[in-house]
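What follows is one structure encoded as structure tokens, with my remarks underneath.
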Amino acid sequence: MNTQESISQLQQFREELYHLVDHRADALMDLLDALTCTPDARSVVELSQSPLFRRGYGSISDAIAGWFQASTSDKACEERRVKEKALARLIGHYLPAPQRRPFYLFGTDVVPIPRLFAPTLKDRGFVYQPNQVRGNKPVTIGHAYSMLAHLPEKRQPDDPPWVVPMVMRRVQSSEKATVVGAEQMTMLAEDETQPFHDALCVHVIDSAYSGVEFLGRVASHKNWVNVSRAAANRVFYRQAIAQESAPPGHPAWYGTPFSLKDPTTWGTPNSTAQTTFTTKKGQTYQVRLEGWHNLLMRGKRDRPMHGYPFTLIRAVVVDKEGKPVFKRALWLIVLGERRGELSLVEAWEAYRQRYDLEHFFRFGKQRLLMASYQTPDVEHEENWLQIVQVAAVQLWLACNLVEADRRPWERYLPKRASSILPPSQVQRGLERVIRQIGTPAQPPKRRGKSPGRAQGFHPEHRQRLSVVKKQKTERKKAS
């Protein structure tokens, strides 16, 4: 894609986004430009100091609140889902068709948003938060958001970790992240207007999604193949051997067990492959892949899994001397009707790109203020996370329009073979592009001096809410 086509694509996206917003679209476009072009802002209100934000700092709250406003409280959830689907359709039409690989690649993960000092915020709970100090529990108080994103195709091994967020949704305390992730994937898979509806789509997920709770909900989508990591203590089963004179009763669904921690149950793999990969430090390792086809996992009464066989892959990374680099091998589940179209190497390389989601979460919190918006309204917080989602998409669409603007000390960094700039450098030079192509937002109009609050008015104190603690569910014992 040449420069003029990239400019036209960015302008068209901004125009369509402007018409997608129902309230305060002008202020929202200014806020979006300030967010995508101000990498050194430490708070959301500080974005009002950007030259691209032509309004006062009070318009920031109005713009965030105007991103989505439900008609009634009863229809808020339903109308927000309609908004999510419309936004996903807008972003999906700008996804490029794969060139080097025969599939679209997507990934799902959960990002925690800490809100320790927000006692008036609804539905706060204990969410996962990485902790660098050993012995401390990796938890914090706040909200968790599930994100399904497109992972663009890489031309060079050292291409930056670009991520295109498609759907961003808050995981309520009464929900499970795996169920929310399944609903997000189902929404994309069933949308016939998406350009990838009839194409092969690969969805990479972590081990938390490798259970029946998630795979049982999405295994029926014909064009989607899920590649998930499996814990090293899982037990799977081979398919039952059909018998000529079967005994009366229920037919056997599962055959001999396949225990990941017991090599004697593995048997000979159905296929093997080898590949190599080079780290950022220039070290080259060899990857040995083994695959077992048509294995089964135990299902549940409402979600039987005997009709969804999968391929199990064992990946071992070794050095030049043939010694394992990691203590444990990597087990991957490849589940889907079209899983046979993926080779062992393609499935392993697709899962490796899942780690780009972690880079995006770090970039979003450091440069896009993903976790910096302080508000007592949970609806406004959800609006802000979706605004950050749109800002990330705008940065991705402009990655070919920004020239490298390296700082003096960055000249000594090792040179990369890739010509694509990372998100941080695109954000650093995007302001010049926005000024050249213009904005669909109208300039502000002076309304005169606001009267402010009426004399003697005192707002009521917000109610302090306790942190939601999930109850432990006890397993039912067989009588």
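The values are calculated or read from the model by the stated rules, or taken from the named source; none is laboratory data. Remember, predicted model here, so these are calculated numbers, not experimental data. We place every Cβ from the backbone using ideal geometry, glycine too, and count neighbours over all the protein chains shown.
Within segment 270-282, can one find any residue that is surrounded by 12 or more Cβ atoms within 10 Å (Cβ to Cβ) and in a loop (DSSP other than H, G, I, E, B)?
Yes, because at least one residue in segment 270-282 is surrounded by 12 or more Cβ atoms within 10 Å (Cβ to Cβ) and in a loop (DSSP other than H, G, I, E, B).
Considering only residues in segment 346-385 that are part of a helix (DSSP H, G or I) and of a type in the set (A, V, I, L, M), the one that is nearest to E290 (Cα to Cα) turns out to be A347. Highlighted here are the strands (runs of 3 or more DSSP E) found entirely within segment 58-176 that include at least 1 residues which are within 26 Å of Y18 (Cβ to Cβ), hydrophobic (A, V, I, L, M, F, W, C) and in contact (Cβ under 8 Å) with a residue 40 or more places away in the chain: 139-150, 164-171. Might you check whether a residue that is farther than 20 Å from S259 by Cβ, of a type in the set (G, A, S) and either at pLDDT 95 or above or within 25 Å of the chain's Cα centre (by Cα) (or both) occurs anywhere in segment 323-338? Yes; the residues of segment 323-338 include at least one that is farther than 20 Å from S259 by Cβ, of a type in the set (G, A, S) and either at pLDDT 95 or above or within 25 Å of the chain's Cα centre (by Cα) (or both). There is no residue in segment 366-374 that is among the basic types (K, R), closer than 21 Å to T278 by Cβ and touching a residue at least 24 places away in the same chain (Cβ under 8 Å).
Just name the residue that is surrounded by the most Cβ atoms within 10 Å (Cβ to Cβ) out of those in segment 289-303 that are of a type outside the set (K, R), under 27 Å from the mean Cα position of the chain (by Cα) and not in a strand (DSSP E or B).
Step by step, filter segment 289-303, then rank; the result is M297.
If we scan segment 190-198, do we find a residue that is touching a residue at least 60 places away in the same chain (Cβ under 8 Å), hydrophobic (A, V, I, L, M, F, W, C), crowded, with 17+ Cβ neighbours inside 10 Å and within 26 Å of K300 (Cα to Cα)? No, segment 190-198 contains no residue that is touching a residue at least 60 places away in the same chain (Cβ under 8 Å), hydrophobic (A, V, I, L, M, F, W, C), crowded, with 17+ Cβ neighbours inside 10 Å and within 26 Å of K300 (Cα to Cα). When M187 is tested against the conditions (1) part of a helix (DSSP H, G or I); (2) within 19 Å of R80 (Cα to Cα); (3) in contact with a Leu (Cβ under 7 Å, 6 or more places away or on another chain), the lone failure is (3).
Considering each of G249, G255 in turn, give the residue that is among the small types (G, A, S) and modelled with pLDDT of 90 or more. That would be G255, the only listed residue that is among the small types (G, A, S) and modelled with pLDDT of 90 or more.
The rows are residues; the columns are (1) within 21 Å of I205 (Cβ to Cβ); (2) in contact with a strand residue (DSSP E or B) (Cβ under 6 Å, 6 or more places away or on another chain); (3) in a loop (DSSP other than H, G, I, E, B); (4) in contact (Cβ under 8 Å) with a residue 24 or more places away in the chain.
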{"position": "P248", "(1), (2), (3), (4)": "no, no, yes, no"}
{"position": "T264", "(1), (2), (3), (4)": "no, no, no, no"}
{"position": "V287", "(1), (2), (3), (4)": "yes, yes, no, yes"}
{"position": "K327", "(1), (2), (3), (4)": "no, no, yes, no"}
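Within segment 440-468, restricting attention to residues that are within 30 Å of F117 (Cα to Cα) and touching a residue at least 12 places away in the same chain (Cβ under 8 Å), which residue is surrounded by the fewest Cβ atoms within 10 Å (Cβ to Cβ)? Among them, the one singled out is R464. For segment 391-403, the criterion of a residue being part of a loop (DSSP other than H, G, I, E, B) and loosely packed, with under 15 Cβ neighbours inside 10 Å is satisfied by at least one position. Filtered by the rule that a residue be assigned to a loop (DSSP other than H, G, I, E, B) and without any contact (Cβ under 8 Å) to a residue 24 or more places away in the chain, segment 250-262 gives H250, P251, A252, D262. The set of residues from segment 414-452 being in a loop (DSSP other than H, G, I, E, B) and among the hydroxyl-bearing types (S, T, Y) comprises S418, S419, T439, S450.
If you go through segment 34-41 one residue at a time, do you hit one that is hydrophobic (A, V, I, L, M, F, W, C), more than 24 Å from the chain's Cα centre (by Cα), over 17 Å from V164 (Cβ atoms) and not in a loop (DSSP other than H, G, I, E, B)? No. Residues of segment 154-168 that are modelled with pLDDT of 95 or more and either surrounded by fewer than 22 Cβ atoms within 10 Å (Cβ to Cβ) or β-branched (V, I, T) (or both): V163, V164, V167. Residues in segment 304-335 that are surrounded by 15 or more Cβ atoms within 10 Å (Cβ to Cβ) and not aliphatic (A, V, I, L, M): H306, Y308, P309, F310, T311, R314, W331. Exactly one residue among V227, V235, V204 is at pLDDT 95 or above, under 22 Å from L344 (Cα atoms) and surrounded by fewer than 17 Cβ atoms within 10 Å (Cβ to Cβ), and that residue is V235. Against the numbered list (1) closer than 20 Å to A398 by Cβ; (2) in contact with a Gly (Cβ under 9 Å, 6 or more places away or on another chain); (3) surrounded by fewer than 21 Cβ atoms within 10 Å (Cβ to Cβ), P96 comes up short only at (2). Only one of Q436, Q471 is free of Cβ contacts under 8 Å to residues at least 40 places away in the same chain, loosely packed, with under 12 Cβ neighbours inside 10 Å, closer than 30 Å to I141 by Cβ and of a type outside the set (A, V, I, L, M); which? Exactly one of Q436, Q471 is free of Cβ contacts under 8 Å to residues at least 40 places away in the same chain, loosely packed, with under 12 Cβ neighbours inside 10 Å, closer than 30 Å to I141 by Cβ and of a type outside the set (A, V, I, L, M), namely Q471.
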